[in-house]
Amino acid sequence: MGLMGHSDPNGPMIYKGIYHLFYQYNPKGAVWMWGSIVWAHSTSTDLVNWTPQSVAIYPSQPSDSNGTWSGSATIFPDGTPAMLFTGVNTLGQQVQNLAMPKNTCDPYLLEWVKSPSNPVMAPTRENHINASSFRDPTTAWLCADGRWKVVIGSKINRKGVAYLYTSEDFVHWIEAQNLFHSAEDTGMWECVDFFPVSVNSSVGVDLQMLRSNIKYVFKASLDDTKHDYYTVGEYDHVKNVYTPDEGSVDGDSGLRYDYGKFYASKTFFDSARNRRILWGWVNESSSVTADIKKGWSGIQAIPRTIWLDKSGKQLVQWPIQEIEKLRTNAVRLPGKILKKGSVLEVPGVTAAQADVEITFNVSDFSTGEVLDPSWTNPQLLCCQKGASVKGSLGPFGLLVLASESLQEYTAVFFRIFKGKNKYVVLMCSDQSRSSLNPDNDKTTYGAFVDVDPVHEQLSLRSLIDHSVVESFGGQGKSCMTARVYPTFTVKEDAPAHLYVFNNGSESVTITRLSAWSMKKAKIN
Ligand code: DQQ
């Protein structure tokens, strides 16, 4: 969406039947630039096809003269949306500002008016807030005490913190005595997000709804590692603090939305279809010089529906159902045994733009490789055991964006190990052979998938679109997004291929394979 430099999703919402996405945008160049960031704006009726609108929020006041940074939408009880966003003021300090639609009758919300009271929250000598680390207000929520609450990310030395502010009128905000949440040694928390999830269904919950049978999720984008981490926990409505459940840990040993490239994400409650939707920014893996040469950088991942897994311990994500409208020319392969060393082409799909769903069944576990107890870092394990490293149960999976001679390909696959009391499933996205261009970042990604391969089938879905591969393992329990730039499609103008492979010594069975060519969405 949009050309030029493009990053965090901002203020996603649905208003009068129209979906809105705003995003961080540099109108002056292909990459992010201090002082020039605005809120670009696109609208849609289906979350798939988008119409670019004019820039919605841009520097125009002393409280945002050096940039209008990330923020969120809050829908008032009467339906009016309000935007809280970070401004970088004339002194280079980060402060929070308020903007309201100029005309609430316009479903496209083209014009925004900033509050004359801006900034509405600011670092001061009294509150000791770090003026260069105070940004990205969440969606606010209205509590039974009649006060709005909102959370803003920051840090105190190395401690990541979420400040809580309260307000009676949405304009005058007071810093709460307590922190909403914090965690030692996690660094700056960018783009924090806080939302409820239902414990017994995949139906979304509005932050404004107080209901039973809900848990809460807190997400922080860690500036140190550029990944989005979350915990599942409880929100104490009296003390106004969030506490992660035991075993749900903050920081980079915790859970991630996506184990590849996916950052500064934000959710919203889609009241039209009662679901919670996650947006995330996927940056390039090419060099900055290449980005400048091509004239743009950064995309938004396909929106994902997000809900709490039945274990209550992690979230599950799945591409929004509407994306299936783009599917065409279905190809279905009958069940098939995939012997060791096989590479099987999936014919008849436009492999550069495709949606693939595959399910594997493993029946003989007798030869499974033993998981060394020191192998606790799945990404490292995937780096050491890439697609070309033979195993016993795996690697098996997909070779996507592959050239005919397999000089270039991206491998998305599983390996199964014998753990102490159970089988452990590793999912990898191996970019090491994705491109002959040496300038790209070809880091391999990896995650464990919390499925039991003895009793469950192992499923993988990959959405492929030229330079993007978004993969969902175990029905969306572990997700990873990669940016890859195969040279054969550009240099030789050759079509991409799609293969299923098994590089393990044991056979596995493909129980289901459906692949579709994908039509182009309208985005600009
Ligand atoms: N990007 C914005 C900030 C945010 C960061 C600036 C995250 O508000 O913290 O463009 O990518």
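The values are calculated or read from the model by the stated rules, or taken from the named source; none is laboratory data. This one's a predicted model, so the numbers in the text were calculated from it and none came from an experiment. Ideal geometry is used to build each Cβ from the backbone, glycine not excepted, and the neighbour counts take in all protein chains shown. Heads up: the accessible areas ignore ligands, DNA and RNA and are worked out on the full protein's heavy atoms, side chains in. Shrake-Rupley method; radii C 1.70, N 1.55, O 1.52, S 1.80 Å.
For LEU98, state whether it is in contact (Cβ under 8 Å) with a residue 60 or more places away in the chain, on the phi < 0 side of the Ramachandran plot, more than 14 Å from the ligand (Cβ to nearest atom) and not in a loop (DSSP other than H, G, I, E, B). Let's see the steps before the verdict.
Numbers: in contact (Cβ under 8 Å) with a residue 60 or more places away in the chain: yes; on the phi < 0 side of the Ramachandran plot: yes; more than 14 Å from the ligand (Cβ to nearest atom): yes; not in a loop (DSSP other than H, G, I, E, B): yes.
So LEU98 fits the description; yes.
Annotation for the range 67-85: at least one member residue is outside any strand (DSSP E or B), in contact with a strand residue (DSSP E or B) (Cβ under 7 Å, 6 or more places away or on another chain) and within 13 Å of the ligand (Cβ to nearest atom).
Mind telling me which of the residues VAL151, VAL197, VAL192, VAL238 ends up being more than 16 Å from the ligand (Cβ to nearest atom) and assigned to a strand (DSSP E or B)? Step through it out loud before you land on a result.
On the way: VAL151 fails: more than 16 Å from the ligand (Cβ to nearest atom); VAL192 fails: more than 16 Å from the ligand (Cβ to nearest atom); VAL238 fails: assigned to a strand (DSSP E or B).
Of VAL151, VAL197, VAL192, VAL238, the one residue that is more than 16 Å from the ligand (Cβ to nearest atom) and assigned to a strand (DSSP E or B) is VAL197.
Counting only residues that are among the aromatic types (Phe, Trp, Tyr) and open to solvent by 10 Å² or more (accessible area, probe 1.4 Å), which one in the range 70-114 is farthest from GLY17 (Cα to Cα)?
TRP112
From LEU47, LEU21, which residue is touching a strand residue (DSSP E or B) at 6+ places or on another chain (Cβ under 7 Å) and assigned to a loop (DSSP other than H, G, I, E, B)? Before you say what the answer is, go through the steps one by one.
On the way: LEU21 fails: assigned to a loop (DSSP other than H, G, I, E, B).
The unique qualifying residue is LEU47.
Restricting attention to the range 476-503 and to residues that are surrounded by fewer than 21 Cβ atoms within 10 Å (Cβ to Cβ) and among the hydroxyl-bearing types (Ser, Thr, Tyr), the residue that is farthest from ARG461 (Cα to Cα) turns out to be THR487.
Within the option set ARG275, ARG332, ARG327, being open to solvent by less than 20 Å² (accessible area, probe 1.4 Å), in contact with a strand residue (DSSP E or B) (Cβ under 9 Å, 6 or more places away or on another chain) and more than 16 Å from the ligand (Cβ to nearest atom) holds for one residue only, ARG275.
With respect to (1) modelled with pLDDT under 95; (2) of a type outside the set (A, V, I, L, M, F, W, C); (3) over 30 Å from GLY187 (Cβ atoms), the lone exception for ASN127 is condition (3).
For beta carbons closer than 7 Å, sequence separation of 6+ or different chains, a first residue in the range 278-302 that is closer than 13 Å to LEU21 by Cα and within 16 Å of the ligand (Cβ to nearest atom) and a second that is open to solvent by 10 Å² or more (accessible area, probe 1.4 Å) and not in a strand (DSSP E or B), the qualifying pairs are GLN300/MET1. Considering (1) in contact (Cβ under 8 Å) with a residue 12 or more places away in the chain; (2) assigned to a loop (DSSP other than H, G, I, E, B); (3) farther than 27 Å from LEU207 by Cα; (4) of a type outside the set (Ser, Thr, Tyr), the lone condition that GLN53 does not fulfil carries the number (2).
Output the number of residues of the range 241-266 satisfying the condition of being of a type outside the set (Asp, Glu) and within 15 Å of the ligand (Cβ to nearest atom). Let's see the steps before the verdict.
Start the filter on the range 241-266 by keeping residues that are of a type outside the set (Asp, Glu), which leaves 241-244, 247-249, 251, 253-257, 259-266.
Filter once more, keeping what is within 15 Å of the ligand (Cβ to nearest atom): 257, 261-266.
Number of matching residues: 7.
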